[in-house]
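Computed from the coordinates by the stated procedures, all read-outs in this text should not be read as laboratory data. The model shown is predicted, which means the values in this text are computed figures rather than measured ones. Here the Cβ positions follow ideal geometry from the backbone for every residue, glycine too, while neighbour counts run over all protein chains shown.
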Amino acid sequence: MNQRPPATVIEITPEEEQPLPPLTAEADPDNPTPPELRAKVLARDGHRCQSCRGHRDLHAHHVRPRGKHGRTELDNLVTTCKFCHGLVHQDRLVVTGTASTGFAFS
């Protein structure tokens, strides 16, 4: 019989759910997404792309890009699959909103 490893519990603190103020124009972009934060984004989003609901090749996408002073924080990250993430970066799919207000794809 094939046994599964025990499940990992991922906790999101109330502080992590609160959005931070936008970075100022003179601030450097945030660091890349740490693996622990990526795991929290995927867990929050049910391990599904929030655009197509796919569950393979998942990414944590910055809604407001780091290069445009978007923060690497739970509120600014959304789960996308590799395909939808590519569409976003090709400007063929637009994602707006935040985790606290809800994400929209168009």
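In plain terms, the residue of R56, R48, R71, R4 with the fewest other Cβ atoms within 10 Å comes first and the most crowded comes last, giving R4, R56, R48, R71.
Can you order the peptides 57-70, 82-95 by their average number of other Cβ atoms within 10 Å per residue, highest first?
Values: 57-70: 17.0, 82-95: 14.9.
Per-residue mean Cβ counts within 10 Å order the peptides as 57-70, 82-95.
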